[in-house]
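Quick notes on the structure that follows.
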Amino acid sequence: MRIALFADLHGNRPATEALARDLKAQRPDRVYCLGDLVGKGPSNVFTYEWSLAHANLVLGGNWDYALGNRVFAKTDAFYVDQLGPQRLETLRRLPREHELWLSGRRIRLFHGRPVMESLVMPHQPKELLEPFFRDESGVSYDAVVYADAHRQALRTLDCGLLVNIGSVGNALGVALCCYALLEGREGTQAAPFEIRLRQIEYDREQAVADARGAHGLPRGDCYIRELLTGQYSR
């Protein structure tokens, strides 16, 4: 069983198109989106529609819920006007997390926020990360896979394996289209388990041109700097 996990498309059409091409080559059995389909970039209807059409599961991220609930209505009118009420309603109702069994490992999937009250980066002290290996009902997990940090990471803790899948459309550290592949045997039986963090090129010049051509894009200058440098600019 091969599962592709992607997140944080953030309205970046060229990066999403590069992801689509790579998924065709990788031929995963399932495709899961861990949230933040929208926000930041200019092509939000495209990344929203593509994710819902091609993912077997779509979880909600902090941007999805914030826009869906009109949390920043005064500053995010650009995105709200693009998406319209029906898409915003869907964003509001996206599930927050999901679990699966692969090669005998119980794996927890979520975006980051709002499961995390505030974003905890993969390199931060283990004491901040270990609580996410147990949910509110007391269920414990062998692995936690999340997004939101926009930086790919793989870390072993005493309590289990921590993975951040990176960002398709707004990656930090490396300014590429980033996602992950999990591979193993479906179910609770122990078996070999593999994680691959993929980084692929995309047409960043076109993504920058799209942003510059989007009249009224909030903080478009910050978004463009992030695309060009991979450095957080907000």
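Tell me, how many Å apart are the Cα centres for the range 20-85 and for the range 197-226?
Between the Cα centres of the range 20-85 and the range 197-226 lies a distance of 16 Å.
Give the Rg (one decimal place) followed by the Dmax (whole number) of the range 130-204, computed from C-alpha coordinates and expressed in Å.
Cα radius of gyration and Dmax of the range 130-204 are 14.2, 44 Å respectively.
Charges on Cβ only, +1 for Lys and Arg, -1 for Asp and Glu, centred on the Cα centroid of the chain; of 63, 42, 116, which one is farthest towards the dipole's positive end?
Highest projection toward the positive end goes to 42.
Stretch residue 26-residue 139 to full length: gain in nm at 0.36 nm per residue minus the Cα-Cα span?
Details: separation 113, 0.36 × 113 = 40.68 nm, distance 3.23 nm.
Once the chain is fully extended between residue 26 and residue 139, it gains 37.4 nm.
Tell me, what is the Rg over Rh of the range 1-133, with Rh the Kirkwood radius over Cα pairs?
Here Rg/Rh amounts to 0.98.
Starting from the exponent 0.38 and prefactor 2.2 Å, build the expected Rg for the chain from its residue count and divide its actual Cα Rg by it. Display every interim value, and only then the final one.
Numbers: Rg = 17.0 Å, N = 234, 2.2 N^0.38 = 17.5 Å.
Normalised Cα radius of gyration, the chain: 0.97.
For residue 58, enumerate residues with amide H under 5 Å from its amide H, sequence gap 5+ or separate chain, H modeled in the peptide plane.
33
Suppose every K and R has +1 on its Cβ and every D and E has -1 on its Cβ; what is the size of the dipole of the chain about the Cα centre, in Debye to the nearest 20?
Numbers: 29 positive and 29 negative charges, 27 e Å.
Value, rounded to 20: 120 debye.
Using just the helices of the chain, give the 222 nm mean residue ellipticity in deg cm²/dmol: DSSP H runs with n ≥ 4 each add -39,500 (n - 2.57), and the total is spread over all residues, rounded to 500.
-9000 deg cm²/dmol
Hey, what do the phi angles of the range 9-14 turn into as Karplus ³J(HN,Hα) couplings, whole Hz, using 6.51/-1.76/1.60 and θ = phi - 60°, x for Gly and Pro?
Listing the rounded values in order: 6, 6, x, 9, 5, x Hz.
Whole number in Å², please: accessible area per residue of the range 40-191, 1.4 Å probe, ligands, DNA and RNA not counted.
Normalised by residue count, the accessible surface of the range 40-191 is 45 Å².
The values are calculated or read from the model by the stated rules, or taken from the named source; none is laboratory data. Given the structure is predicted, the values throughout are model-derived calculations rather than measurements. Note that we place each Cβ from the backbone using ideal geometry, even for glycine, and neighbour counts take in every protein chain shown. We work out accessible area using only protein heavy atoms, side chains counted, and drop any ligands, DNA or RNA first. Shrake-Rupley method; radii C 1.70, N 1.55, O 1.52, S 1.80 Å.
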